[in-house]
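S.K.: Below are the structure tokens for one structure; questions will follow.
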Amino acid sequence: MERQCIVCQSAISGQKIKYCSNACKQKGHYYRIKEQTNTYFSQTLRSLKRKTELIRLMGGGCATCGYDRNLSALHFHHVDANLKKFKLDMRVLSNKKWNLILEEAKKCVLLCSNCHAEEHNPELFIPSVQRILRGASAEESADA
């Protein structure tokens, strides 16, 4: 029985086992890596597809201001941190089961980076900070 190259199906001669040439060996490696689900490339694609789908399911943009231009600027904010089981970041989106991700997403609202920062740091609104700084300046003047 004649051996055949697993990439191009041409006859293999000599001591070669799977591939007829180095070119076919490189193609075979590329095809094998491309089909694997645990490579960095496949995980990145999976997380991008999943984040895109979650964003679509959650209205397509920031729940506060409507921002919808860049995936990295859209965050999943847990409304009640006590119910949070895990963060919905790119690593989790690529490796957790989809049904678990959907359950976690139900506890979240979609916010852009700015609205998310404002949600977590309401004390840093500029008028509040200015009031604090005016109070600190008055105390420094009194101490002098």
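Every number in this text was worked out from the coordinates using simple rules, so none of it is lab data. All figures in this text were calculated on a predicted structure; none of them were measured in a lab. Because the Cβ atoms are built from the backbone with ideal geometry, glycine has one as well, and the counts that use them run over all protein chains shown.
S.K.: Given the options THR44, THR39, name the one that is without any contact (Cβ under 8 Å) to a residue 24 or more places away in the chain and polar (S, T, N, Q).
M.R.: Values: THR44 fails: without any contact (Cβ under 8 Å) to a residue 24 or more places away in the chain.
Selected residue: THR39, the only one of THR44, THR39 that is without any contact (Cβ under 8 Å) to a residue 24 or more places away in the chain and polar (S, T, N, Q).
S.K.: Follow-up. Is it the case, given these coordinates, that GLN43 is among the polar types (S, T, N, Q), part of a helix (DSSP H, G or I) and over 21 Å from the mean Cα position of the chain (by Cα)?
M.R.: No: the conditions fail for GLN43.
S.K.: For segment 20-32, name all the residues that are exposed (fewer than 13 other Cβ atoms within 10 Å of the Cβ) and of a type outside the set (S, T, N, Q). Steps first, please.
M.R.: Going through segment 20-32, the residues exposed (fewer than 13 other Cβ atoms within 10 Å of the Cβ) turn out to be 22-23, 26, 29-32.
Passing the criteria: ALA23, HIS29, TYR30, TYR31, ARG32.
S.K.: Considering only segment 52-84, state which residues are among the aromatic types (Phe, Trp, Tyr) and within 12 Å of the chain's Cα centre (by Cα).
M.R.: Within segment 52-84, the subset among the aromatic types (Phe, Trp, Tyr) is 67, 76.
Across segment 52-84, the qualifying residue is only PHE76.
S.K.: A further question follows. Inside segment 47-102, can you point out the residues that are among the β-branched types (Val, Ile, Thr), touching a residue at least 40 places away in the same chain (Cβ under 8 Å) and either in contact with a Gly (Cβ under 8 Å, 6 or more places away or on another chain) or exposed (fewer than 12 other Cβ atoms within 10 Å of the Cβ) (or both)?
M.R.: ILE55, the sole residue that qualifies.
S.K.: Do you know which residues across segment 7-50 are over 30 Å from SER72 (Cα atoms) and in contact with a helix residue (DSSP H, G or I) (Cβ under 6 Å, 6 or more places away or on another chain)? Let's see the steps before the verdict.
M.R.: Residues of segment 7-50 over 30 Å from SER72 (Cα atoms): 7-29.
Those that are over 30 Å from SER72 (Cα atoms) and in contact with a helix residue (DSSP H, G or I) (Cβ under 6 Å, 6 or more places away or on another chain): VAL7, CYS8, TYR19.
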